[in-house]
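Input: a single structure, listed below in structure tokens.
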Amino acid sequence: MSDILNKAKSVEDYVVGFRRNFHENPELSGQEFKTQETIMKELDNLGIPYRKAGNASLIATLKGGKEGKTVALRGDIDALPIIEQADVEFKSKNEGIFHACGHDAHAAMLLGAAKILSEMKDEINGEVRFFFQEGEETFSGAKKIIEAGGMEGVDAVFGMHGMPFLETGYVNLTPGYRMAGCDTIYVKFEGVSGHGSAPYLAKDTIHPAATFVTDLQGIVGKNIDARESLVISVGKFIGGTKANIVSKYTEIDISMRYFNPEVRETARAAIKRHAKAIADAYEIKVDVDIEESAVSLYNDDELSKLAEESWTKIAGEGKTGEIARNMGSEDMPFYFQHAKGCYAMIGYKNMEKDAIYYPHHEKFKIDEDYMKYGTALHVQFALDFLNSDIK
């Protein structure tokens, strides 16, 4: 058994204790003030200096005994507006707020890694930064840490997410595109209201908008290479006020997911083009507003290989598993725009413990045994990168 896994096991109760504390006291994105306070208090105990960022984030810095590179480790801390239905003794005390994505475990594992590394301070070649990040669920927290200078001088950044696709003790570290980018697109058609008995005297927007919605999937089929991935989903369609009034306005909210940035640009242009063409055909106006939510997550080849070597030191040979790339989105890749990065998918599946649910489920539950592996992987990766020739 690796020395680092032994160290992680020695702080396992510490990590589980913090995870349960965070779980009982969940806070929504941008409002994680008590969580921040708890982490600050522990960083003070560990003697690790930190500074606040954004609303409730923290950037902690541990300088090693020797000069060297800088690696950043990230743990998100926000919860979700979900009523918890999981059967655990440490249920959420905040009604309607639930750590249903496992960020309580992510934060606790990062604290465990900070504790281990602080006790190895003199052996560290370089600097380790710890990002305790608010607002992952709103894709806002990473940007706040970046705006606060958190990524200045960082050479590599590493993070992880618990997943039910793998048994506890297994991980996925595949290089390349792993999670989708996400845009939210707001389309508003404007016509001329009138009486429902004489639509020819008005300019309806519901029929053109419905035509546009039906037309959207043609963009996926006819404008995008079939070997690429693109998902366009209409989540909201609102038009009209009364049955006998021709609708002046119809509004549509669209979620678009992609991996390849070129696909994104093609789809964006096509959506605008199709919306305008349909509006012109029906002699109405249209406005298309595209809001970037997240960019696609791409695992650096070199760092993914290094992380897999780090994992093998911890868990042994043959403890990796395959996970298909995910159309869900994350704000982790915003860090990757400033330094090369790697994001691990680490298993928490355990049928006997009912730890089988995908994040955001009302019965979400993790196998807490997985946290010692996540803690160890943070530590091992940081040390391996700082001792490597990777630049």
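From the list 330, 322, exactly one residue is touching a residue at least 12 places away in the same chain (Cβ under 8 Å), in the same structural domain as residue 380 (by TED's automatic domain parsing) and buried (at least 22 other Cβ atoms within 10 Å of the Cβ). Which is it? If you could, list the steps in order and put the result at the bottom.
On the way: 322 fails: buried (at least 22 other Cβ atoms within 10 Å of the Cβ).
The conditions single out 330.
Of the residues 41, 69, only one is out of contact with any His (no Cβ under 9 Å at 6 or more places or on another chain), of a type outside the set (A, V, I, L, M) and assigned to a helix (DSSP H, G or I); which?
On the way: 69 fails: assigned to a helix (DSSP H, G or I).
Testing whether each residue is out of contact with any His (no Cβ under 9 Å at 6 or more places or on another chain), of a type outside the set (A, V, I, L, M) and assigned to a helix (DSSP H, G or I) leaves just 41.
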Quiz prompt | Number of the condition not met by residue 331 [criteria: (1) in a loop (DSSP other than H, G, I, E, B); (2) over 25 Å from residue 114 (Cβ atoms); (3) in contact with a Lys or Arg (Cβ under 9 Å, 6 or more places away or on another chain)] | solution = (2)
Quiz prompt | Whichever residue in the range 134-162 is touching a Lys or Arg at 6+ places or on another chain (Cβ under 6 Å) and not hydrophobic (A, V, I, L, M, F, W, C) and, among such residues, is farthest from residue 73 (Cα to Cα) | solution = 155
Self-check item: Long-range neighbours under 8 Å by Cβ, at least six apart or interchain, first residue exposed (fewer than 12 other Cβ atoms within 10 Å of the Cβ) within the range 81-98, second among the polar types (S, T, N, Q) and part of a loop (DSSP other than H, G, I, E, B)
Solution: 93/25
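Could you say whether any residue in the range 377-386 is in contact with a Pro (Cβ under 9 Å, 6 or more places away or on another chain) and either outside the structural domain of residue 143 (by TED's automatic domain parsing) or on the phi < 0 side of the Ramachandran plot (or both)?
As a first pass, look at the range 377-386 and keep what is in contact with a Pro (Cβ under 9 Å, 6 or more places away or on another chain): none.
Checking the range 377-386: not a single residue is in contact with a Pro (Cβ under 9 Å, 6 or more places away or on another chain) and either outside the structural domain of residue 143 (by TED's automatic domain parsing) or on the phi < 0 side of the Ramachandran plot (or both).
Within the range 339-380, which residues are of a type in the set (Asp, Glu), part of a helix (DSSP H, G or I) and closer than 19 Å to residue 315 by Cα?
Within the range 339-380, the subset of a type in the set (Asp, Glu) is 352, 354, 362, 367-369.
Narrowing the set further to residues that are part of a helix (DSSP H, G or I) leaves 352, 368-369.
Once the filter is applied, which keeps residues that are of a type in the set (Asp, Glu), part of a helix (DSSP H, G or I) and closer than 19 Å to residue 315 by Cα, the range 339-380 yields 368, 369.
Look through 240, 316 and report the one residue that is outside the structural domain of residue 220 (by TED's automatic domain parsing), out of contact with any Cys (no Cβ under 6 Å at 6 or more places or on another chain) and not acidic (Asp, Glu).
On the way: 240 fails: outside the structural domain of residue 220 (by TED's automatic domain parsing).
After ruling out the rest, the residue left standing is 316.
Could you please find all residues in the range 277-298 being more than 33 Å from the chain's Cα centre (by Cα) and either outside any helix (DSSP H, G or I) or under 22 Å from residue 224 (Cβ atoms) (or both)? I'd like the intermediate steps shown before the answer.
Narrowing the range 277-298 to residues more than 33 Å from the chain's Cα centre (by Cα): 277-285.
Scanning the range 277-298 gives 277, 278, 282, 283, 284, 285.
Of all residues being of a type in the set (Lys, Arg) and either assigned to a helix (DSSP H, G or I) or at pLDDT below 95 (or both) in the range 129-156, which is surrounded by the fewest Cβ atoms within 10 Å (Cβ to Cβ)? Just the residue, please. Outline the logic, then answer.
Here is the first cut: in the range 129-156, the ones of a type in the set (Lys, Arg) are 129, 143-144.
Imposing the further condition that a residue be either assigned to a helix (DSSP H, G or I) or at pLDDT below 95 (or both) reduces the set to 143-144.
Details: 143: 15, 144: 19.
Residue satisfying both the conditions and the ranking: 143.
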Self-check item: Selection within the range 65-79 - surrounded by fewer than 21 Cβ atoms within 10 Å (Cβ to Cβ) and either touching a helix residue (DSSP H, G or I) at 6+ places or on another chain (Cβ under 6 Å) or over 22 Å from residue 158 (Cβ atoms) (or both)
Solution: 65, 68, 69
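Hey, does the range 256-276 have a residue that's among the hydroxyl-bearing types (Ser, Thr, Tyr) and either surrounded by 20 or more Cβ atoms within 10 Å (Cβ to Cβ) or in a helix (DSSP H, G or I) (or both)? Reasoning before the result, please.
To start, the set of residues in the range 256-276 that are among the hydroxyl-bearing types (Ser, Thr, Tyr) comprises 258, 266.
Now drop any that are not either surrounded by 20 or more Cβ atoms within 10 Å (Cβ to Cβ) or in a helix (DSSP H, G or I) (or both), which leaves 258, 266.
Checking the range 256-276: at least one residue is among the hydroxyl-bearing types (Ser, Thr, Tyr) and either surrounded by 20 or more Cβ atoms within 10 Å (Cβ to Cβ) or in a helix (DSSP H, G or I) (or both).
Does the range 46-64 hold any residues that are within 16 Å of residue 117 (Cβ to Cβ), touching a helix residue (DSSP H, G or I) at 6+ places or on another chain (Cβ under 9 Å) and not in a loop (DSSP other than H, G, I, E, B), and which are they? Working first, answer last.
Filtering the range 46-64 down to residues within 16 Å of residue 117 (Cβ to Cβ) leaves 46-50, 58-64.
Restricting the remaining residues to those that are touching a helix residue (DSSP H, G or I) at 6+ places or on another chain (Cβ under 9 Å) gives 46-50, 58-60, 62-64.
Those that are within 16 Å of residue 117 (Cβ to Cβ), touching a helix residue (DSSP H, G or I) at 6+ places or on another chain (Cβ under 9 Å) and not in a loop (DSSP other than H, G, I, E, B): 46, 50, 58, 59, 60, 62, 63.
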Quiz item: Name the pairs: first residue in the range 209-234 and touching a residue at least 12 places away in the same chain (Cβ under 8 Å), second residue of a type in the set (Phe, Trp, Tyr) and outside any strand (DSSP E or B), Cβ to Cβ under 6 Å, at least 6 apart or on different chains?
Solution: 229/259
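Here is a yes/no grid of residues against (1) more than 15 Å from residue 99 (Cα to Cα); (2) small (Gly, Ala, Ser); (3) out of contact with any Ser or Thr (no Cβ under 6 Å at 6 or more places or on another chain):
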| residue | (1), (2), (3) |
| --- | --- |
| 8 | yes, yes, no |
| 21 | no, no, yes |
| 28 | no, no, yes |
| 32 | no, no, yes |
| 53 | yes, yes, yes |
| 67 | yes, no, yes |
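Among the residues of the range 186-197, is there at least one that is assigned to a helix (DSSP H, G or I), hydroxyl-bearing (Ser, Thr, Tyr) and touching a residue at least 60 places away in the same chain (Cβ under 8 Å)? Give the steps one after another, and end with the answer.
Going through the range 186-197, the residues assigned to a helix (DSSP H, G or I) turn out to be none.
No, the conditions are met nowhere in the range 186-197.
Is one or more of the residues making up the range 200-208 over 21 Å from the mean Cα position of the chain (by Cα), in a loop (DSSP other than H, G, I, E, B), modelled with pLDDT of 95 or more and surrounded by fewer than 22 Cβ atoms within 10 Å (Cβ to Cβ)?
Narrowing the range 200-208 to residues over 21 Å from the mean Cα position of the chain (by Cα): 200-208.
Right, trim to in a loop (DSSP other than H, G, I, E, B) and you get 202, 204-205.
Still in the list and also modelled with pLDDT of 95 or more: 202, 204-205.
Narrowing the set further to residues that are surrounded by fewer than 22 Cβ atoms within 10 Å (Cβ to Cβ) leaves 202.
Scanning the range 200-208 turns up at least one residue that is over 21 Å from the mean Cα position of the chain (by Cα), in a loop (DSSP other than H, G, I, E, B), modelled with pLDDT of 95 or more and surrounded by fewer than 22 Cβ atoms within 10 Å (Cβ to Cβ).
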Practice problem: Just give me the residues in the range 111-128 being surrounded by fewer than 17 Cβ atoms within 10 Å (Cβ to Cβ) and part of a strand (DSSP E or B), in sequence order. | Solution: 125
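So which residues in the range 206-231 are among the β-branched types (Val, Ile, Thr) and either within 17 Å of residue 273 (Cα to Cα) or in contact with a His (Cβ under 7 Å, 6 or more places away or on another chain) (or both), if there are any at all?
The first filter runs over the range 206-231 and keeps only residues among the β-branched types (Val, Ile, Thr), leaving 206, 211, 213-214, 219-220, 224, 231.
211, 213, 214, 219, 220, 224 - these are the residues of the range 206-231 that are among the β-branched types (Val, Ile, Thr) and either within 17 Å of residue 273 (Cα to Cα) or in contact with a His (Cβ under 7 Å, 6 or more places away or on another chain) (or both).
The values are calculated or read from the model by the stated rules, or taken from the named source; none is laboratory data. Predicted model only: the values in this text are computed from it and were never measured. Virtual Cβ from ideal backbone geometry, glycine too; neighbours counted across all protein chains shown.
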